[in-house]
Amino acid sequence: MISLRRARRLLATSLVGLALLGCAPPATTPIGDAGGIPVVATTTVFGDLVKNVGGDLVSVTSLVPAKADVHTFEPSPTDIRAVAGARLLVMNGLGLDDWLKDTIVNAAANDTPLLQLGPDLPGVEPLPGEVTGTENPHLWMSVPYASLYVDRIAAALDQVDPGHTDDYARQAAAYKARLAELDRHVRDEIDTIPQGSRRLVTFHDAFPYFAREYGIQIVGVAVEAPGQDPSAGEIAALIQAIKASGVKAIFSESQFPTQLVDQIARETGATVVASLYDDSLGDPPVTSYEAVIQWDVDQLVQALR
Ligand SMILES: [Zn+2]
């Protein structure tokens, strides 16, 4: 877990890296011919955002495979090679994927610009993370915040590849228009759930920004951070909270084991919906960020309406 101050310092360092790169002469080989400039993102979700802004001008790799857990990921030698070959590295920061920084050191690619999507988003009030003094990293689960990620990606691609400013601006604008439409759709869908049923229990704490954005109450979270088992006391408190609030469904995520959630469901009578997506893309049709949000909203509406 990194402190906010350290996150800010790293962000500042990454922006310096981008600025330096921006001064370099343009590449002599047209970028995009050999599959585009190599961009490495930590997760499939951020990779998808980059692909939507970069289109054919970028070739995007995600280090964490779809449906694997970013919080507990350990990069392999192949990942270190991918990082070494990247022209731009994209991560969330705020404790989600800080292992990338060690990977960069190992890959000796210290001069490659590192874009952190999450820290200090303009106009965004951060929510607390699992450790006192940290921020919850799952900002992209609010569609308007994902749109702010897109702005940062467009700016970073423009710095790395200044010959295609207009392309990146046009593609980012088109993608942001789609995200705005998706955001309106989510609000319409959530409106169909009775006010008193807009309550949620999730496996890990990935939904607070989604919940704040769309007027849903998070009654409880099964584990504070993936890889950390809750104590018997914490499980008992969660069961109590579920019973007291009358929450109808508990949502788990495809990348996590469901035994704990199943146990809580048995003791509370709530239904388990075991297929929300947040940190990762999944199997078809959940193969894009837009599909992740659409899928989750469909699951919520089905279970809570
Ligand atoms: Zn997460």
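Take the conditions touching a helix residue (DSSP H, G or I) at 6+ places or on another chain (Cβ under 8 Å) and at pLDDT below 90 and apply them to Ser275. Does it pass?
Yes; evaluated as a whole, the condition is true for this residue.
Identify the residue in the range 131-145 that is closer than 14 Å to Asp98 by Cβ and assigned to a loop (DSSP other than H, G, I, E, B) and, among all such residues, is nearest to the ligand (Cβ to nearest atom).
Checking each candidate, the answer is Pro137.
Just one of (1) open to solvent by less than 20 Å² (accessible area, probe 1.4 Å); (2) outside any helix (DSSP H, G or I) trips up Pro284, so point out which.
Every condition holds for Pro284 apart from (1).
Being among the aliphatic types (A, V, I, L, M) and open to solvent by 50 Å² or more (accessible area, probe 1.4 Å) is the filter; apply it to the range 163-204 and report the residue that is nearest to Ser252 (Cα to Cα).
Looking at the filtered set, the residue picked out is Ala177.
What is the one condition in (1) surrounded by fewer than 18 Cβ atoms within 10 Å (Cβ to Cβ); (2) within 13 Å of the ligand (Cβ to nearest atom) that Gly95 does not satisfy?
(1)
Go through Val70, Val143, Val160 for me and flag whichever is open to solvent by less than 10 Å² (accessible area, probe 1.4 Å), among the β-branched types (Val, Ile, Thr) and under 23 Å from Asp56 (Cα atoms).
Only one candidate qualifies: Val160.
Just name the residue that is farthest from the ligand (Cβ to nearest atom) out of those in the range 243-298 that are of a type in the set (A, V, I, L, M) and out of contact with any strand residue (DSSP E or B) (no Cβ under 7 Å at 6 or more places or on another chain).
The extreme case among them is Ala244.
Among the candidates Ile242, Ile264, which residue alone is more than 21 Å from His138 (Cα to Cα), in contact with a Leu (Cβ under 7 Å, 6 or more places away or on another chain) and buried (at least 19 other Cβ atoms within 10 Å of the Cβ)?
Ile264
Pick from Ala236, Ala232, Ala303, Ala274: which is surrounded by 14 or more Cβ atoms within 10 Å (Cβ to Cβ) and without any contact (Cβ under 8 Å) to a residue 24 or more places away in the chain?
The match here is Ala274.
In the set Phe210, Phe256, which member is more than 21 Å from Ala146 (Cβ to Cβ) and under 18 Å from the mean Cα position of the chain (by Cα)?
Answer to the selection: Phe256.
If you scan the range 116-130, which residues turn out to be open to solvent by 50 Å² or more (accessible area, probe 1.4 Å), over 14 Å from Arg212 (Cα atoms) and more than 13 Å from the ligand (Cβ to nearest atom)?
Asp120, Pro122, Gly123
Kindly indicate whether Gly47 is small (Gly, Ala, Ser) and within 20 Å of the chain's Cα centre (by Cα).
Yes; evaluated as a whole, the condition is true for this residue.
The values are calculated or read from the model by the stated rules, or taken from the named source; none is laboratory data. The model shown is predicted, which means the values in this text are computed figures rather than measured ones. Ideal geometry is used to build each Cβ from the backbone, glycine not excepted, and the neighbour counts take in all protein chains shown. Side chains included, ligands, DNA and RNA excluded: accessible areas come from the protein's heavy atoms. Shrake-Rupley method; radii C 1.70, N 1.55, O 1.52, S 1.80 Å.
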